[in-house]
1. Just the residues that are more than 35 Å from the chain's Cα centre (by Cα), open to solvent by 60 Å² or more (accessible area, probe 1.4 Å) and among the hydroxyl-bearing types (Ser, Thr, Tyr), please, taken from the stretch 336-379.
2. Checking the structure you have, find out if any residue of the stretch 285-303 is within 18 Å of Val211 (Cα to Cα) and in contact (Cβ under 8 Å) with a residue 60 or more places away in the chain.
3. Within the stretch 190-231, can you find the residues that are in a helix (DSSP H, G or I) and over 30 Å from Gln379 (Cβ atoms)?
4. For the stretch 341-400, which positions are free of Cβ contacts under 8 Å to residues at least 60 places away in the same chain, over 23 Å from Ile324 (Cβ atoms) and assigned to a loop (DSSP other than H, G, I, E, B)?
5. Got a sec? Which of Val238, Val185, Val233, Val211 is in the same structural domain as Lys321 (by the TED database) and touching a residue at least 60 places away in the same chain (Cβ under 8 Å)?
6. Can Thr250 be described as among the β-branched types (Val, Ile, Thr), closer than 17 Å to Gln293 by Cβ and open to solvent by 20 Å² or more (accessible area, probe 1.4 Å)?
7. Across the stretch 172-198, which residue is surrounded by the most Cβ atoms within 10 Å (Cβ to Cβ) among those that are touching a Phe, Trp or Tyr at 6+ places or on another chain (Cβ under 8 Å) and at pLDDT below 90?
8. Taking the stated definitions as given, is Lys407 of a type in the set (D, E, K, R) and closer than 18 Å to Leu205 by Cβ?
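The values are calculated or read from the model by the stated rules, or taken from the named source; none is laboratory data. Keep in mind that what you see is a predicted model, and the values were worked out from it rather than measured. With ideal geometry, Cβ positions are generated from the backbone for all residues, glycine too; neighbour counts draw on all protein chains shown. Please note that ligands, DNA and RNA were not included when accessible areas were found on the heavy atoms of the full protein model with its side chains. Shrake-Rupley method; radii C 1.70, N 1.55, O 1.52, S 1.80 Å.
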Amino acid sequence: EEAAGAGIPAASRKIASLSSPLRAIIRLRRRYRVQKKGRLHLQLPREKPAEVVHTRLLPRQLSLNRTGMYSPSMSFFNQTSFESSQYFTFDTSLEQYAMKKCRRKKSRRKSRMVLYPDKTKRYLPAEEKSKAKRCLFLLMAIIFFQILNAIENLDDNLQKYDLDGLEKTMHREVFGQKAAVESIVELLKDYLATHIHNKPLVVSLNGPTGVGKSHVGWLLAKHFRSVMDNDFVLQYFVMHHCPNGVAPLTCELDLSKKISDMVTRAEIEEKTPLFILDEVELMSPVLLDTLSQFFEPNQTNEFLNAIYILISNIGGGEITKFVIQNESAELLHQHRAAEELLSIIQPVLSNVHPLWKSADIIPFVLLEKTHVISCFLEQMRREGLYPDQKHIEHLANQLSYYTTGDKQYSRMGCKQVVAKVNL
């Protein structure tokens with residue numbers, strides 16, 4: 001046998017050494033196909049009996065025996081290596097290990113198979129990833145950045161008009177009308193925060209004479225002329241621009257032309273024009289009808305971006321009566337009292353003309369004696385006079401007052417302060 005083995009050529013030895021790995025690869029491939037078919041089977045894969053394993057191993061043994069007929073030493077080597085090697089044999093223990101490993105992998109990922117009552121497994125329909133979520137996230141991001149940009153634009157607009165400075169000036173120079181000043185500034189901030197509106201802002205300042213309505217209009221005109229050009233502020237005094245004897249149609253054409261020209265220029269430069277109309281109670285019905293057309297919401301965009309300040313004494317008697325009966329001018333800081341006063345004034349204004357239905361009404365209350373003294377002090381400082389306290393109190397006592405309880409309300413407000421100081 002040794003002599004016969006020595007006579008085997010070297011080429012056949014190389015082929016024999018390569019045949020074992022090839023057979024192992026073939027067996028592994030077959031085993032992989034069997035496991036793959038077992039997965040797709042309707043029932044769970046079961047462990048194969050030893051008889052099946054034996055029948056599969058028998059042809060391999062016969063093939064080894066056939067090769068042994070030609071080379072006994074080679075067949076002995078291959079047989080011993082086949083019997084001793086556990087890597088290339090698929091016994092039941094290795095099969096169970098593979099099944100456990102396969103089940104462990106299955107438990108890690110979510111199975112798409114569903115077990116029905118008839119002990120069969122069916123695959124759920126494949127879940128297709130929709131692009132709607134991505135589009136939704138993109139839309140949310142766009143909306144977020146638009147809101148952020150709008151907030152920044154609001155701050156820029158308010159800084160451009162410097163409404164904080166206007167509020168400080170009005171609180172310093174307007175006496176006894178804290179609630180009215182706060183309401184005016186709040187309306188202006190809400191309106192001037194953006195340049196796109198669905199209707200113009202109409203603010204009506206109503207109250208008795210001498211309480212500071214015209215002074216507020218003068219402060220508004222002065223402030224907006226400083227932050228904008230003079231071309232975007234119009235102060236219209238009825239007694240001056242439309243005196244007695246002038247035809248109402250002439251006044252109507254003049255006022256319409258001024259408003260149209262100003263809003264057109266303001267729209268080009270993206271600014272909001274300011275119209276201060278004083279002595280509105282003296283306007284003819286023709287002028288009131290013309291104004292009401294500019295106040296309507298259904299107009300072109302240029303006429304929607306405008307602020308109208310209406311100053312009149314209409315409703316002054318009702319405000320005076322309300323303050324005297326309640327013996328307090330501070331009631332307007334309370335929401336309920338402010339609503340009650342507005343419910344009294346609104347019908348009076350609507351009876352004069354329907355244009356006040358679209359206006360924000362701000363009542364100006366009576367001034368107390370301390371407020372009149374403050375008016376004297378301010379006027380004397382403007383005239384460059386020394387503010388003697390005793391002299392001021394003497395001048396204030398010359399005015400007439402409503403007396404209710406321990407408070408005194410000026411009948412004419414600060415209307416006569418300028419004349420008294422000049423005298």
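1. Thr370
2. No: the stretch 285-303 contains no residue that is within 18 Å of Val211 (Cα to Cα) and in contact (Cβ under 8 Å) with a residue 60 or more places away in the chain.
3. Scanning the stretch 190-231 gives Asp190, Tyr191, Leu192, Asp231.
4. Gly384, Leu385, Tyr386, Pro387, Asp388
5. Just one listed residue meets the conditions, Val211.
6. no
7. Of everything passing the filter in the stretch 172-198, Leu192 is surrounded by the most Cβ atoms within 10 Å (Cβ to Cβ).
8. no
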